[in-house]
1. If the requirement is being at negative phi and open to solvent by 30 Å² or more (accessible area, probe 1.4 Å), which of these qualifies: His204, His162?
2. What number of residues within the stretch 204-252 are more than 22 Å from Leu164 (Cα to Cα) and basic (Lys, Arg)?
3. Against the condition open to solvent by less than 60 Å² (accessible area, probe 1.4 Å) and either modelled with pLDDT under 95 or of a type in the set (A, V, I, L, M) (or both), how does Ala182 come out, does it pass?
4. What's the number of the condition Gly132 fails, among (1) open to solvent by less than 50 Å² (accessible area, probe 1.4 Å); (2) at pLDDT 95 or above; (3) over 22 Å from Leu205 (Cβ atoms)?
5. Can you name every residue in the stretch 63-105 that is under 19 Å from Ala179 (Cα atoms), charged (D, E, K, R) and open to solvent by less than 20 Å² (accessible area, probe 1.4 Å)?
6. Does Gly143 meet the test of being open to solvent by 50 Å² or more (accessible area, probe 1.4 Å), in contact (Cβ under 8 Å) with a residue 24 or more places away in the chain and part of a loop (DSSP other than H, G, I, E, B)?
7. Taking interchain pairs and intrachain pairs at least six residues apart, which have beta carbon atoms under 9 angstrom, with the first residue in the stretch 63-75 and within 11 Å of Pro229 (Cβ to Cβ) and the second open to solvent by 40 Å² or more (accessible area, probe 1.4 Å) and assigned to a loop (DSSP other than H, G, I, E, B)?
Amino acid sequence: MPDADIKLLLETVKQAGTIALSFHKKSPRNWSKPDGSHVTEADIAVDDYLRNTITAARPDDGWLSEETKDTPARLDKRRLWIADPIDGTRLFLAGEHGWGVGVALTQDGAPLCSAIFCPSQNKLFHAVAGGGAFVNNAPLRCGASSHSVIAPKSQTAGLARHGLEWVSGSSTPLLLRFAAIAEGALAGATTLGNKNDWDIAAGHLILQEAGGITSNATGGGISYNHPNPQQPGVVAATSAHHASLLKCVGQL
């Protein structure tokens, strides 16, 4: 893993977070996308900065982002940058703190390095494949102390049978659920239905390097840079609880 890629990732994500923060609590212009989700002028400004900076520095790599029109050009690239300019746009609009900027670099479908920056909380998570996970440069290692799981409420009884507790996490962006598991604040999280790669990639590696496990809803591995940039659900958890969550998903 080239140090130059890690340096580019961290510097770019931090600056992107600063750009996002400049709009925070200032009633940025916002509108609804065709799928019903919200987008703000801050999302677009951050996306423009990330895309322009990274593609200029790595012109031979591919690019995939929530706010950039996808094209087949990325499919011919071994290396792909995957970005979520602001994960948690509704919280961002509400002036809350539970949002972040997420970027991952993948190669041949597997994440190489990733970062999630939460500027309003001054927390920078990052991970390097085979090199560990960190928050503000302190090593992260998830444990089995928490028994709380963000999941569909219909899984409450199944979780209880495995000694786990359902908690509402509807306001917690998916990338930050990965970070919370890596930090030990959650035992796991499940989400059903197709999920976009940019909602997963940065958190996937952080949890993996912290000792956790991420799979799709059927227990299969997750890889990136396919024609349809989505995954069939996500089950993310500490290694102690991942199998139990898969059983809960299977009971639906």
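The values are calculated or read from the model by the stated rules, or taken from the named source; none is laboratory data. Predicted model only: the values in this text are computed from it and were never measured. Virtual Cβ from ideal backbone geometry, glycine too; neighbours counted across all protein chains shown. Accessible surface is based on the protein model in full, side chains and every heavy atom, while ligands, DNA and RNA are left aside. Shrake-Rupley method; radii C 1.70, N 1.55, O 1.52, S 1.80 Å.
1. Answer to the selection: His162.
2. 0
3. Spelling it out, Ala182 is indeed open to solvent by less than 60 Å² (accessible area, probe 1.4 Å) and either modelled with pLDDT under 95 or of a type in the set (A, V, I, L, M) (or both).
4. The failed condition is (3).
5. Across the stretch 63-105, the qualifying residues are Asp84, Asp87.
6. No, not satisfied.
7. Leu64/Asp70; Leu75/His226; Leu75/Pro227
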